[in-house]
2 protein chains.
Amino acid sequence: MAQNDRGILALAGGVGGAKLALGLSTVLPAEALTVAVNTADDFEHLGLSISPDLDTVMYSLAGVANPETGWGRRDESWNAMAALEQLGGETWFRLGDKDLATHIERTRRLRAGETLLTVTRTLAERLGVRCAIVPMTDDRVHTVVTTDQGELAFQDWFVARRCEPAVREVRFEGADVARANPVLLDMMGLRGVIFGPSNPFLSVAPILALPGVRAALDRTRAPRVAVTPIVGGRAIKGPAAKMLAELGHDVSALGVARYYGGLIDGFVLDQADSELKAAIERLGTKVHVVDTMMQTDEDKRRLAAATLEFVDALACRLQHS
Amino acid sequence: MAQNDRGILALAGGVGGAKLALGLSTVLPAEALTVAVNTADDFEHLGLSISPDLDTVMYSLAGVANPETGWGRRDESWNAMAALEQLGGETWFRLGDKDLATHIERTRRLRAGETLLTVTRTLAERLGVRCAIVPMTDDRVHTVVTTDQGELAFQDWFVARRCEPAVREVRFEGADVARANPVLLDMMGLRGVIFGPSNPFLSVAPILALPGVRAALDRTRAPRVAVTPIVGGRAIKGPAAKMLAELGHDVSALGVARYYGGLIDGFVLDQADSELKAAIERLGTKVHVVDTMMQTDEDKRRLAAATLEFVDALACRLQHS
């Protein structure tokens, strides 16, 4: 794949992955970055095709993301939602007025027969994004969460029930027959693969569940580095820590490193968790300790640069091993 | 039809019909007014089911219509449209943020299998409308305009081309097999039928084109009164005057009265056109001359009251004839 030559492939879900992707986009030439995004949270709502993670990544890279919510657009208005409420429509999933335009246009294009890949490229280009954002697949994959209150569709569990029901299992309906985007199937020429600081079970696992992705990760000689989504035993955002506990993992960066196991060569650990460095290294994973918190754009740039340095350092080691 | 007993059935298209309907709603008990609305302008746009005339009537009766545009909601914002423009979407048909919610909710309900009648009732009730607004049919009817630039779908001609191509013919695809709403098929017990000051060719003609409607108008003993959409040879709003000319009619209230011919017993003529009274009466149609301009809500109430008086006066004449 020419587009992958010496490039970085970043795997991303929502906020954390999007922030790191933005950081990477500021330190890499546009053609050297491809962000492959989870689509297992995608769903149809109000007749519209909604791709929450693709939009979070796209809005982040376009500089129009809402920093308060972690989803949707900045400087947003909510007049359609207010009117919909008056009409008795469903408003549990909040769609801002500008954000609605994205879903309307995506839905229109998908119905006209375009692939999600093409639609995403068009929308991202229109918003001024220069690197490649690719959905993990053009096929339909749906996260289903088995909880102590039964099986729940992802958004029902995540938004409507605020992640409260305890998770027993997560599965990705359709993943076994979905065709992964080609960038996920041939990672041979890459400079590195970066697992963003996204929820391992909800954002990265669906990508890994697509046929051929684990094999491609196994085959590549490019360094594979995960950035921790857990700091001090807590998730930066979202239910990752809660899920680590409920699914029987160590509620720590160590639990995440173990979960990724042999799929990664390196792990970016937060400085607050430096006491876990030795334990993670005993798994056979190199560890780089930095400040992983991304509040400002400068934080994102700094973490991206540090992660890339780590990737390149691992490349030297891998070539000599 | 119990709902029609001694009630008024008003036929309406967009702005003019909606204004008169609002006037009628202020002088009649809610249960005594049914507004049957043209749906031949309905179309699908951006994947949404849009019913321009139903919405204009609904917004008017709910007191939320935009008085400047004649369509859409008052106190509207346009953030979705602006975002859609940025995304390269189609923005020639302007949809405000609040208005979008109506189309989203209508589309969702129609897709779930509800009829347009039921959806309209629900939305209107939610907006606080107390009288009945009924679509002329639940079936699909589409206005097609034959012009000097070929056949055009209605919204293409009306909005995108600003009514500029000269009209040679108007037809209503699907009207011949559509089932009219029952209120249009049994007008026996009515106090009166009022043709709103709507475009005869675009708003009233589609209603008359539905199987059984002309027969019901022929059979009823209730007075049938048309309110002029033309004053001083000009349409209050829209292309009615232009179409009268292009379709070979007299560009005047007389042309409209002739067009309705034997379907009406009375004609409400504007005071500016009082010189046409005698000519219209020679058609066998009684004429009532008033100020038909509806700027304020008081104007609407006054015209509605005058029209109802005329209806009741005609009832006496019809009973004695």
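Read-outs: derived from the displayed coordinates by stated rules, not from any lab. None of the values given here were measured: they were computed from a predicted structure. Please note: Cβ atoms are built from the backbone with ideal geometry, for glycine as well, and neighbour counts cover all protein chains shown.
The three principal axes of the Cα atoms in segment A:31-173 give end-to-end lengths of 45, 36, 32 Å, sorted in falling order. With the label put 7 angstrom out from Cα along the Cα-to-Cβ vector, A:GLU164 ends up 5.9 nm from the copy partners, going from closest to farthest. Taking 1.567 mPa s as the viscosity and 4 °C as the temperature, the Stokes-Einstein diffusion coefficient of segment B:230-279 based on its alpha-carbon Kirkwood radius rounds to 117 µm²/s. Taking B:GLY261, B:GLY89, B:GLY128 as the candidate residues, the one with maximal mean-square fluctuation in a Gaussian network model of chain B, Cα springs under 10 Å, is B:GLY89. With a ≥ b ≥ c taken as the square roots of the eigenvalues of the C-alpha gyration tensor of segment B:193-321, please select rounded if a/c is under 1.5 and otherwise prolate if a/b is larger than b/c or oblate if it is not? Because its axes are fairly even, with a/c under 1.5, segment B:193-321 counts as rounded. Evaluating kT/(6 pi eta Rh) at 10 °C and 1.306 mPa s, with the Kirkwood radius of the protein assembly as shown over Cα pairs in the Stokes-Einstein relation, gives 57 µm² s⁻¹. Whole-Hz Karplus values for segment A:292-305 come out as 9, 5, 10, 8, 9, 5, 5, 4, 5, 4, 5, 5, 4, 5 Hz, taken residue by residue from phi with 6.51 cos²θ - 1.76 cosθ + 1.60 and θ = phi - 60°; glycine and proline positions read x.
Phi angles of segment A:255-261 translate, via the Karplus equation with coefficients 6.51, -1.76, 1.60 and θ = phi - 60°, into HN-Hα couplings of x, 5, 4, 4, 4, 6, x Hz per residue; Gly and Pro are given as x. For A:ILE264, no residue has an amide H sitting under 5 Å from its own, ignoring neighbours fewer than 5 places away on the same chain, with H placed 1.01 Å from N. Taking amide H as placed 1.01 Å from N in the peptide plane, A:LEU48 has no amide H partner under 5 Å among residues 5 or more places away or on another chain. Please find, in a Gaussian network model of chain B (springs between Cα atoms separated by less than 10 Å), the residue of B:HIS288, B:HIS103, B:HIS45 whose mean-square fluctuation is greatest. The residue with the greatest mean-square fluctuation here is B:HIS45.
Across chain A, the convex hull enclosing all Cα atoms gives 123 Å³ per residue. Pairwise alpha-carbon distances in segment B:101-233 exceed 23 Å for 47% of all pairs. Label-to-label distances for B:ARG221 across copies, nearest first, come out at 9.9 nm, using points 7 Å from Cα in the beta-carbon direction.
For A:ASP312, the distances from its label point to the matching points in the remaining copies are 9.0 nm, ordered from shortest, with each point set 7 Å beyond Cα toward Cβ. Measuring against 27 Å, Cα to Cα, the residue pairs A:LYS19/A:LYS277; A:LYS98/B:LYS300; A:LYS98/B:LYS19; B:LYS19/B:LYS286; A:LYS237/A:LYS277; A:LYS19/A:LYS98 contain A:LYS98/B:LYS300; A:LYS98/B:LYS19 as the ones spanning a longer distance.
Plainly put, segment A:157-250 has a radius of gyration that is 1.01 times its Kirkwood radius, both from alpha-carbon atoms, as the Rg/Rh ratio. With Cβ to Cβ distances under 12 Å as the rule, what net charge do the other residues near B:ARG74 carry (K, R +1; D, E -1)? With Lys, Arg at +1 and Asp, Glu at -1, the neighbours total -2.
Secondary-structure-derived ellipticity at 222 nm for the protein assembly as shown, considering helices only, amounts to -10500 deg cm²/dmol, per-run term -39500 (n - 2.57) for DSSP H runs with n ≥ 4.
Every Cα-Cα pair of segment B:155-199 was included, and the share exceeding 17 Å stands at 62 percent.
3J(HN,Hα) along segment B:112-123, derived from phi through the Karplus expression 6.51 cos²θ - 1.76 cosθ + 1.60 where θ = phi - 60°, amounts to 7, x, 6, 7, 4, 4, 5, 4, 4, 4, 5, 5 Hz, with x in place of Gly and Pro. For the peptide B:102-115, the mean number of other protein chain Cβ atoms found within 10 angstrom of a residue's Cβ is 4. Among chain B residues, the one whose Cβ is nearest the axis of the rotation from B to A, given with its distance rounded to whole Å, is B:ASP97, 2. Comparing B:ALA235, B:ALA306, B:ALA112 in a Gaussian network model of chain B, where Cα atoms under 10 Å apart are tied by springs, the biggest mean-square fluctuation is seen for B:ALA112. Note on segment B:260-310: along the principal axes its Cα atoms extend 33, 21, 16 Å, ordered by decreasing extent. Taken residue by residue and averaged, Cβ atoms of other chains lying within 10 Å of the Cβ of B:84-94 number 5. Rg and Dmax of segment A:1-76, both derived from C-alpha coordinates alone, stand at 13.2, 42 Å.
The calculated P(r) of segment B:97-167, using every Cα pair and 5 Å bins from 0, goes 3, 15, 17, 15, 16, 15, 12, 6, 1 in percent.
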